[in-house]
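To start, the structure under review is shown below, and the notes come after it.
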Amino acid sequence: MSTEQHNERRSKVEALRSAGVDPYPIGFVPTAEAAELHARFKDLGSEATTGEQVSVAGRLMGKRDLGKLSFGVLQDRSGRIQLFADQRTLGDELAAFVDLDLGDLIGVTGEVITTKRGELSVRIHEFSLLAKALWPLPEKWHGLADVETRYRQRYLDLIANEEARRVFGIRSRVMRELRRAFEGRGYVEVETPVLQSQAGGALAEPFQTHHNALSIDMYLRIALELYLKRLIIGGVDKVFEIGRVFRNEGVSPQHNPEFTMLESYEAYADYEDIMRLVEETVSGVALAVVGSSEIEYQDRPLDLTAPWRRASFMELINEATGREWSPEMPVEDAREAARELGVDVEVGGTGKVLEDLFGRFVEPGLWEPTFVVDFPKEISPFARDHRDEPGLVERFEGFVAGIEMCNAFTELNDPEEQLRRFEAQAEARAQGDEEAHLTDLDFVHAMEYGMPPTGGLGIGVDRLVMILANVSTVREVILFPHMRPLEGEASGPGS
RNA sequence: GGGCCUGUAGCUCAAUCGGCAGAGCAGCGGACUUUUAAUCCGAAGGUCGUGGGUUCGAUCCCCACCGGGCCCA
């Protein structure tokens, strides 16, 4: 592809080369950044000189030529600073400055001054082109708006849109604060296999691949669960991992095929402990990252301050549907009653019906942070039987602004019961439930050495970032979300 | 998988109920020593997502396909 402007800039590159100038030189050393200069010199009046010589480097984002004078806008990673180029100082070099194009990367050395209007600027003594930009930038006022281009060419989004830089700044700080929080509690960070011969730990469809040397099919992990629990068995009593997991499912505003999960396991804890861990960690991260645990999400107030509401899964369904349900009711009765409410469930047992009812009638209304506790055993193959309630397990999901943000259990640590759960899953799979879990005998074997009672947790990190960054789709917090490849492209996610 | 919306200049957007597609920014030529989305003058820039169909004539209507978004399953 080529256009008039692209050709124009390529001929400028040729002209520079002919004149002996390298359009892509190395060796420029910046000594200052825009934000730092604004902070240091915020109290200068107008027409001030400082005698301070600095070197700044960045992308030329604006230029206003006034004959024998030209103003530029330089953007670096910290922000923007005005450049002041005048013929008195630069002589003939002013023409070369005026010849720069928006988008060019340049290095500038000069004195920190303020202009007549009081704008902090660097008066250019010397400048050099550091990298020529051959394509024009998006529109300077509206930025880049087309969502498809923003995702496919994220670098342009980051160059042109302050909002994109803000969101990914938040993401970076959330990652840092999560690590800090778990490390502060004595957790050890680990890395476990992404390539697995059997993808387990969640009820989801995996991506399949092949290991040539071993000549076996392999799968990308769908959860971190089973390896982290092996570490708990190994005596790593407090362990966490932040990693990418992959689920071969549809994309939606809340789903990307690969996403970032934080899982943690703590020996001798139960799900009550984990609820406190979650509400304290999330409100603490909010405080550290956005300055408060009382935030606004999509124009509605959202209070993340601990403690969060606890509500029973079964009671929520009963209230929302106006009927009495039980995890132990016959599946045919449950299906029939659900059908009367417009919910048709053809696979699985009563637990599956209850799960669908929950998603349909309860989930959308859970705005304030809520721990939904005590799930049906059937849909929770790794959670321990509830200490009081038959048919239920000690499991909770945390919902924030209607978004499922975490999932946690008092972990099942009885190997014989675990084997029975796997057998039940195998039965479900035989009945047509393609997301049912595969039996993992190696994991059962590990449990047979003795697994301590444990509280485990999974947090959807992308969703947490969505909430703290106040954006409505997960694609806004993933740098390169998956897209269908365009014809002729051959790299990158979905391209 | 189904429904709705969407694709026009490098970017942000118009318009055409079927009759030569037009603005701003960016770019090009010119003026300007204090601009802040600089301003002023001038001349350019288009496979209207792709392919078919209907029509004297299609960017517009119809069909299929491609990309994207939202909702539902």
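The values are calculated or read from the model by the stated rules, or taken from the named source; none is laboratory data. The structure displayed is predicted, hence computed values, not measured ones. Virtual Cβ from ideal backbone geometry, glycine too; neighbours counted across all protein chains shown. For accessibility, only protein heavy atoms count, side chains too; no ligands or nucleic acids. Shrake-Rupley method; radii C 1.70, N 1.55, O 1.52, S 1.80 Å.
Quick rundown of the values:
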item: Qualifying residues in region A:112-156 (those that are within 29 Å of the chain's Cα centre (by Cα) and more than 10 Å from RNA strand B (Cβ to nearest atom)) - the one farthest from residue A:51 (Cα to Cα); result: A:154
item: Out of A:27, A:67, A:72, sole residue that is within 13 Å of RNA strand B (Cβ to nearest atom) and assigned to a loop (DSSP other than H, G, I, E, B); result: A:67
item: Single residue of A:241, A:183, A:177 found to be of a type in the set (Asp, Glu), within 24 Å of the chain's Cα centre (by Cα), in the same structural domain as residue A:281 (by TED's automatic domain parsing) and open to solvent by 40 Å² or more (accessible area, probe 1.4 Å); result: A:183
item: Boolean, residue A:299 is under 22 Å from residue A:404 (Cβ atoms) and at pLDDT 95 or above; result: no
item: Helices (runs of 4 or more DSSP H) within region A:415-491 that include 2 or more residues loosely packed, with under 13 Cβ neighbours inside 10 Å; result: A:415-430, A:441-447
item: Hits in region A:1-24 - residues which are away from RNA strand B (no atom under 16 Å from the Cβ) and in contact with a strand residue (DSSP E or B) (Cβ under 9 Å, 6 or more places away or on another chain); result: A:21, A:22, A:24
item: Region A:1-21: number of residues that are closer than 22 Å to residue A:136 by Cα and open to solvent by 80 Å² or more (accessible area, probe 1.4 Å); result: 7
item: Selection within region A:375-402 - aromatic (Phe, Trp, Tyr) and in a strand (DSSP E or B); result: A:375, A:396, A:399
item: Subset tally (residues that are hydroxyl-bearing (Ser, Thr, Tyr) and not in a strand (DSSP E or B)) for region A:220-269; result: 2
item: Residues (farther than 16 Å from residue A:318 by Cα, in contact (Cβ under 8 Å) with a residue 24 or more places away in the chain and surrounded by 15 or more Cβ atoms within 10 Å (Cβ to Cβ)) located in region A:330-356; result: A:348, A:349
item: Set A:95, A:133, A:145: member being small (Gly, Ala, Ser), open to solvent by 30 Å² or more (accessible area, probe 1.4 Å) and either under 27 Å from residue A:21 (Cβ atoms) or assigned to a helix (DSSP H, G or I) (or both); result: A:95
item: Condition broken by residue A:428, with the remaining ones in (1) within 26 Å of residue A:320 (Cβ to Cβ); (2) within 31 Å of the chain's Cα centre (by Cα) satisfied; result: (2)
item: Evaluation of residue A:359 against (1) without any contact (Cβ under 8 Å) to a residue 40 or more places away in the chain; (2) under 30 Å from residue A:228 (Cα atoms); (3) assigned to a loop (DSSP other than H, G, I, E, B) (one fails), failing number; result: (3)
item: Qualifying residues in region A:46-64 (those that are assigned to a strand (DSSP E or B), polar (S, T, N, Q) and open to solvent by 20 Å² or more (accessible area, probe 1.4 Å)) - the one nearest to residue A:126 (Cα to Cα); result: A:53
